[in-house]
1. What does the net charge come to around Thr264 if you take all other residues with beta carbon closer than 12 Å to its beta carbon, with K and R at +1 and D and E at -1?
2. On C-alpha positions alone, give me the angle between the axis of helix 35-45 and the longest principal axis of the chain, in degrees, nearest 10.
3. Quick check: from the Cα gyration tensor, does the stretch 1-81 come out rounded (a/c under 1.5), prolate or oblate?
4. Which cross-chain or sequence-distant (5 or more) residues have an amide H under 5 Å from the amide H of Ser154, H modelled 1.01 Å from N in plane?
5. Which entries in the list Lys116/Lys250; Lys190/Lys238; Lys25/Lys238 go over 23 Å, if you measure between the two C-alpha atoms of each?
6. So if we plug the beta-carbon distance of Ser96 and Glu73 into 1/(1 + (r/R0)^6) with R0 = 22 Å, what FRET efficiency do we get, rounded to 0.05?
7. At 7 Å along the Cα-to-beta-carbon direction for both Ser60 and Gln136, put a label point, then send me their distance in nm to one decimal.
8. Can you tell me the 0 to 90 degree angle between the C-alpha axis of helix 229-238 and the longest principal axis of the chain, rounded to 10?
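Here, each number is a calculation from the coordinates, and none is a lab measurement. Keep in mind that this is a model prediction, so the values were computed, not measured. We place every Cβ from the backbone using ideal geometry, glycine too, and count neighbours over all the protein chains shown.
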Amino acid sequence: MVTKCLFPVAGYGTRFLPATKAIPKEMLPVVDKPLVQYGVEEAVEAGISDIVFVTGRGKSAIENHFDRNYELEDQIQGTSKEEYLNGIRAVMEACSFSYTRQVEMKGLGHAILKGKSQVGNEPFGVILADDLCYNQDLAVLAQMVELHKKHQCSIVAIEEVPLDQTEKYGVIAGEQIEEGLYRITDMVEKPKPEDAPTNLAIIGRYLLTPDIFEIIENTPPGKNNEIQITDALLTQAKGNGVLAYKFSGKRFDCGSMDGFVDATNFYYNEVYKSQG
Ligand code: G1P
């Protein structure tokens, strides 16, 4: 059973300044919902009920979002506006939330390690909320939970990217064992196109087995002098094995302006309008 999901949300979001000067980048709305809520809803769809935010200074808006706002709720109680809160209320009901601080920014591996005591000895999900994933049927993390039931190892979600973009991602190489499923043989964090083993890029969805924590503890800083989850996963791949999964659905890189605008257009036209 996978019941926990980590959300590393300590990053600054400098690419969206000045919008992110006083609000966390994860609170930027795509149409009418902050990015982080899309992520938590995806986790709930995967059967997860424990949400752990690895947070940082200036991120209190995230905690407030997943809490009551008595004054506001009192104001709109009994009016038609109350229905706007249905989604967030459902998420709050389905989950419990905990928060741990990443005091120093030492990379994604370091952020994930901060969740060690909350996660304990169970497999868990990791969602990077600025990768917004959409699938009409099963959500991406739910697809990965299904795969984990069968294979019982760590899984990363991947997609093909243009070769000139490999420097933005962890990139894998592997042997295809089923359609769209690879056993990882190599992983490189943000390689130059000429050094990339393939164009199969890791996106912000991970399903990790808990032995990853000890591996991270023994992983030296890598790219940009940060502790990289990609490096820890390569160690794990050489031991128990790690799978890379070409997910079904769309992914929007909402950490970039283009991806954010694409996501907004898509959700407005294809999701929001069709819900009436
Ligand atoms: C992180 C990971 C990278 C992965 C990416 C997915 O990078 O380090 O391997 O491909 O997330 O979004 P970041 O985007 O945080 O720089």
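1. Values: positive: Lys33; negative: Asp32, Asp258, Asp262, Glu270.
Net charge in that neighbourhood comes out at -3.
2. The helix 35-45 is inclined about 80 degrees to the chain.
3. Numbers: a/c = 1.83, a/b = 1.07, b/c = 1.70.
Oblate, because a/c is 1.5 or more while a/b does not exceed b/c.
4. Under 5 Å from the amide H of Ser154 lie the amide H atoms of Thr209, Leu243, each far enough along the sequence or on another chain.
5. Working: Lys116/Lys250 30 Å; Lys190/Lys238 20 Å; Lys25/Lys238 35 Å.
Flagged as over cut-off: Lys116/Lys250; Lys25/Lys238.
6. On the way: r = 20 Å, r/R0 = 0.90.
The calculated FRET efficiency here is 0.65.
7. 4.4 nm
8. 50 degrees
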